[in-house]
Amino acid sequence: MKRKEEIEHALSVLGRRMALDGASDMEVLCCGASALCVLGLLSRSTMDVDVLGVVVRDRDLDPCEVFPVEMERAIANAGRELGLADDWFNGSASRLLERGVPDGTLERSLVHRRSFGPCLTVRFIDRRDQVALKLFAAIDPIDGVRHLKDLEEISPDAEEISHALMWMGGWKSSAAFRAKLKAIVTGLGFEDLASSKITS
């Protein structure tokens with residue numbers, strides 16, 4: 001079974017477990033390597049599903065680092081059925097919401113919206129917003145190398161890098177952060193954007 005199909009199967013099992021374990025209906029926005037695999041943008045092996053947030057009233061994202069107890073039970077039961085860790089479906093990516101997401105992220109994800117059974121709907125974040133999040137994650141001193149490899153495989157274009165830099169442009173950031181960002185963007189082949197859009 002291909003990785004995309006494995007992830008989709010796991011989400012279908014979770015949707016079924018949610019119904020059996022009494023979990024409430026939920027619509028989530030997913031990012032990260034598993035979402036990239038589902039969209040056919042990444043070949044890296046992963047079964048971790050990173051939830052960026054819970055979609056509320058079709059227009060807002062609520063963080064979800066901790067799920068309701070019934071949902072946690074469904075995730076753990078699905079994990080045991082599939083031979084995965086109890087936290088294979090997790091909300092650790094919700095921490096990104098402290099920075100916000102690029103404008104229009106939720107709207108763009110609508111074209112990647114899928115139902116996995118009666119209780120679970122998943123939106124996969126769009127490619128251009130994945131590039132933005134991966135570029136930010138690549139700056140991390142611990143896990144950055146993994147995210148940078150993903151970014152290289154995605155092979156973003158100039159418009160996608162500009163979109164990412166516009167998102168990060170309004171942040172208060174240190175000189176070290178900006179220097180690392182500039183180095184990564186230059187290394188990806190966009191020296192002109194690094195020079196014009198990232199202040200020293």
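How large is the helix-only mean residue ellipticity at 222 nm for the chain, computed as the sum of -39500 (n - 2.57) over DSSP H runs with n ≥ 4, divided by its residue count, in deg cm²/dmol to the nearest 500? Display every interim value, and only then the final one.
On the way: 9 runs with 97 residues, N = 200.
So the helix-based figure for the chain works out to -14500 deg cm²/dmol.
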How would you rank 78-85, 12-19, highest first, on the average number of other Cβ atoms within 10 Å across their residues?
-> 12-19, 78-85
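Taking the Cβ of each residue in L61, L41 as the centre, tally the other Cβ atoms inside 10 Å and list the residues starting with the fewest. If you can, show how the numbers build up before the last one.
Details: L61 20, L41 17.
Lowest to highest Cβ neighbour count: L41, L61.
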Cα extents of region 158-200 per principal axis, largest first, Å, are 23, 18, 13
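Starting with the highest mean, order 120-133, 44-57 by the number of other Cβ atoms within 10 Å, averaged over the residues of each peptide.
120-133, 44-57
Report the convex hull volume per residue for region 128-197, counting only C-alpha atoms, in Å³. Please report the intermediate quantities before stating the final value.
Values: hull volume 5.4 nm³, N = 70.
Residue-normalised Cα hull volume stands at 77 Å³.
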Comparing L36, L97, L165, which has the greatest mean-square fluctuation in the GNM of the chain with Cα pairs linked when under 10 Å apart?
-> L97
For each of S196, S34, S92, S162, count neighbouring Cβ atoms within 10 Å of the residue's Cβ, then give the residues from fewest to most.
-> S196, S92, S162, S34
Which lysines, on any chain, are close to K182 with Cα under 28 Å apart, when same-chain ones fewer than 8 places away are left out?
-> K134, K149, K172, K197
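Dipole size in debye (nearest 20) for region 3-125 around its Cα centre, Lys and Arg Cβ +1, Asp and Glu Cβ -1?
Values: 15 positive and 20 negative charges, 72 e Å.
The dipole magnitude comes to about 340 debye.
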Rounded to the nearest 10 degrees, the helix 175-187 long axis (Cα) sits at an angle to the longest Cα principal axis of the chain of 90 degrees
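Would you mind ranking E65, E72, E160 by Cβ crowding within 10 Å, fewest neighbours first? Could the numbers behind the result be given before it?
Numbers: E65 13, E72 17, E160 20.
The order, fewest Cβ neighbours first, is E65, E72, E160.
Values in this text are rule-based calculations from the coordinates and carry no lab data. Given the structure is predicted, the values throughout are model-derived calculations rather than measurements. Neighbour counts are summed over all protein chains in view; Cβ atoms, including those assigned to glycine, are modelled from backbone coordinates with ideal geometry.
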